[in-house]
Amino acid sequence: MACESDPYIFSTHAMPHDHRFLPPMANGLLGWRVYNNIMHMGGVYNGEGGRCHRADIPCPLAVTVTPDTEEPTVHTYSLDTHIGVFTHTLSTASMTASQSLYTHRHCPNLMVMEIMLAREGTSEEPITVNLLSTFTPESQDIVFAAAPDYKGGRHIQGQTTAAEIPGGPVPTVHLIWTPIPPILTLLSGQTKTRWGFILVAANTSESAEASFDEGLNLMSSGTLRPSHEQSWKELWLESSIELVGSEPLSKALIGCLFYLLSAFPSLHNASRAFGGVSPGGLSNGGDDQDYWGHVFWDQDIWVYPGIALFYPKLARAVLEYRVRTTDGAKDNAQKQGYKGLKFPWESAVSGREVCPEDIYGHQEIHINGDVTLAFQHYLYLTEDLSMFTEGQGSEVIWGVADYWVSRVTWNHQAQNYNLLGVMPPDEYYRNVNNCVYTNTVAKFSLQFAVELAELLQYPAPKEWQEVAKHLKIPFDEVSQYHPEYDGYIKGHPVKQADAVMLSYPLGLQLSPEVRRNDLEAYEPVTDPQGPAMTWGMFAIGWLELGEAERAQRLLEKCFNNIQGPFQVWSESSDGSGAVNFLTGMGGFLQAVLFGYTGFRVQKDCLVFSPHLPSCINELRIRGVSYLGRKMDWLLRGEEVCIILREQASGAMNTKPFELQVVLKASGTKIPLITGQPVTFPQAPGCICKQESSFPCWPV
């Protein structure tokens, strides 16, 4: 890899041997891995039920550039995450050629290829480059037919071959693109020339033509690329995370946030129908690949928290996706003989279960609580009640509560409620009783349903509180730790983080002794080839206990899942499993955002408790969004500095709240005033409303 002084730019002189690790380029609607001859579009799936997968769409931009010369050529491949542009540069003694590729951040239906040829030296001979294309207007999922050309652009249209559910809608795809010639030539007398090629993908002819018109207008005005770059710059100005002291960690964090943001729509289009976040993102997920592009708990537990802390509009888009799938969730519950809503283990568009194996949809029911937790954190971070009223989020919360009540079984002997026949997040075990993670997340989602009902003056059924109060949470009194489920034998292998997630992200209050015992029980028996997000959860646990160096050693295990040179993650450390594994990136990002800072989202405050390992000299977190305000945090040495910005542009409140810092040990209250730095020693505390008198810690 070429040396870089800018951690936002990933460069190399040779492409990765495994082309799965070429950089994905996405914008929340369109996703593509550079040079691949297929792309994907949000919400466009093919296949019924368990055969449902992201439909492969042929990509006309699948073009490589080669010089038409015998001169020695230096190739440089560079991903600039500042602006979301991938560039291949070819340099010889007589010319420089560059090919830039990007999925337009502001115009979601648009993808772009730009090619520039520049003369070097004194020769006036014509300079030619070859454009080698692997594009064919065919797909195994969509039956395409030619449509009339539009303003010089080629046009094909087609429908997928099978609906997600019998009798359901079959998506239509229109592609319009500017034809790409086999060669480009810089003529004698010219010193530099640029060419632009655009591709539009849309669901209707009208939308495709309108987007193509927009692309042509942007090209003619010279604002095609600047408008794309500006949208990325706005995202980075809104929020970012940077550190000093570890270059690999710094680049990894930037790569994580870049790829995670690429899975989301523009801040200006966040209200558009959003298809959710799948483990491999939009660039992947074809038939029998990368989990078919389905949406799992990965979206709500692993990807969502880091995004929600920065971008409330994008967080709301995740919740709106779940709201749109409630009809399917209701159908899932009814088919299993229960009430309320049962969110699918694997979701596409309808919300009906599309997992190829029935056991996961029937038993991995913790997904319901995972969805609720995302809604709960959103309310605590924003106090945006409109999401729960006009946005119908309350139907999700109350539907999940009804499901839990119908799903539990009363144990007369133990005088408690049980959840029987479930699969934990640790998928090595199935058909177990009282999974500690599932029962805990169910308990908390029932309690939140009661809380929301009180807030909205809704008559909550008394069973919600009753089941929450008496739901069994497995605990071994002798060993003072949480067994993963009833009958779990301590020391048996586990696939991934499970019981160690009780404190974070679920928020179960544990004594330091029990927290340590849980970590020590599961760390040595967790599969080293398990999914990438696991070690971030262990790192957060050790940071809670103040053991920053031990946490750092675990966090660095994640580096094995980062495939160079473009910081693309694989699910497993040997490169296997899902590629561009956003789930692992989300867990890694949380380990820093919620581990080093100790951030915890609570009902009436944002708690912090900083712990930096010795290898980190400085941590800057810009744009933490809380109650309609933006805060920039600097952790350096033994100090914390906070600067309050103006009201967050993505805020959902009608008015910004006045905030204050409250230090836990002394009770000192420090008002936060816009633009005025507040500095204090690294120690636990919280951010809350100035008028708030609610406690931030359990007594």
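The values are calculated or read from the model by the stated rules, or taken from the named source; none is laboratory data. Nothing here was measured: the structure is a model prediction, and the numbers come from that model. Note: ideal-geometry Cβ built from the backbone for every residue, glycine included; neighbour counts use all protein chains shown. Note: accessible area is taken over every heavy atom of the protein model, side chains too, but ligands, DNA and RNA are not part of it. Shrake-Rupley method; radii C 1.70, N 1.55, O 1.52, S 1.80 Å.
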**Study point:** Principal-axis tilt of helix 436-456 within the chain, Cα atoms, nearest 10 degrees
**Key:** 90
Check your understanding: How large is ³J(HN,Hα), in whole Hz, for each residue of the range 389-404 in order, when computed from phi with the Karplus curve 6.51 cos²θ - 1.76 cosθ + 1.60 and θ = phi - 60°, using x for Gly and Pro?
Key -> 9, 4, x, 6, x, 4, 5, 5, 5, 6, x, 5, 4, 4, 4, 4
Practice item. Taking the chain as the reference, fit the longest principal axis to its C-alpha atoms, fit the long axis of helix 312-324 to the helix C-alpha atoms, and give the angle between the two in degrees, 0 to 90, nearest 10. Key: 80
Check your understanding: What is the magnitude of the charge dipole of the chain about its Cα centre, with +1 placed on the Cβ of each Lys and Arg, -1 on the Cβ of each Asp and Glu, and no other charges, expressed in debye to the nearest 20?
Key -> 1280
Point to revise | Filter on Lys313/Lys342; Lys342/Lys495; Lys339/Lys490; Lys472/Lys495 - keep pairs with C-alpha separation over 31 Å | key: Lys339/Lys490
Practice item. Take the Cα gyration tensor of the range 206-247, multiply each eigenvalue by 5, square-root it, and list the three semi-axes largest first, rounded to whole angstrom. Key: 33, 11, 8
**Study point:** Convex hull of the range 547-622 built on C-alpha atoms - directionally averaged projected area, nm²
**Key:** 6.4
Study note, to complete from the structure: Of the candidates Ser123, Thr161, Ser250, the farthest towards the positive dipole end of the range 107-266 (Lys/Arg Cβ +1, Asp/Glu Cβ -1, centred on the Cα centre) is Ser123
Point to revise | Taking the C-alpha atoms of the range 83-177, convex hull volume expressed per residue in Å³ | key: 163
Review point. Dividing the convex hull volume of the Cα atoms of the range 443-582 by its residue count, what figure in Å³ per residue is obtained?
Key: 155
Review point. Looking at the range 154-266 from every direction and averaging, what is the projected area of its Cα convex hull in nm²?
Key: 12.6
Review point. In whole Å, how far is the Cα centre of the range 7-49 from that of the range 406-483?
Key: 40
Check your understanding: Counting other Cβ atoms within 10 Å of each Cβ, which trypsin sites (Lys or Arg not before Pro) in the range 510-610 have at most 15 and sit in a DSSP loop?
Key -> Lys603
**Study point:** Centre separation in Å (Cα based) which lies between the range 330-350 and the range 278-306
**Key:** 19
Exercise for review: For the range 262-414, just say rounded, prolate or oblate: build the C-alpha gyration tensor, square-root its eigenvalues into a ≥ b ≥ c, call rounded for a/c under 1.5, and beyond that prolate if a/b exceeds b/c, oblate if not.
Suggested key: oblate
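What size of dipole, in debye to the nearest 20, comes out for the range 67-189 about its Cα centre when the only charges are +1 on Lys and Arg C-beta atoms and -1 on Asp and Glu C-beta atoms?
Computed about the Cα centre, the dipole is about 440 debye.
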Check your understanding: In the range 425-501, what trypsin sites (Lys or Arg not before Pro) fall in a loop by DSSP, with at most 13 other Cβ atoms inside 10 Å?
Key -> Lys490
Review point. How large, in percent, is the carbon and sulfur part of the accessible surface of the range 96-237 at a probe radius of 1.4 Å?
Key: 55
Check your understanding: Which value, in debye to the nearest 20, describes the size of the charge dipole of the range 194-275 about its Cα centre when Lys and Arg Cβ atoms bear +1, Asp and Glu Cβ atoms bear -1, and nothing else is charged?
Key -> 180
Revision key, fill the gap. For the range 1-41 the translational diffusion coefficient, Stokes-Einstein from a Kirkwood Rh over Cα pairs at 4 °C and viscosity 1.567 mPa s, in µm²/s, is roughly 109
Check your understanding: Just in the range 49-139: which GluC sites (Glu not before Pro) are loop by DSSP and have at most 14 other Cβ atoms within 10 Å?
Key -> Glu70, Glu120, Glu124, Glu138
Check your understanding: Expressed as cubic angstrom per residue, what is the convex hull volume of the alpha carbon set of the chain?
Key -> 159
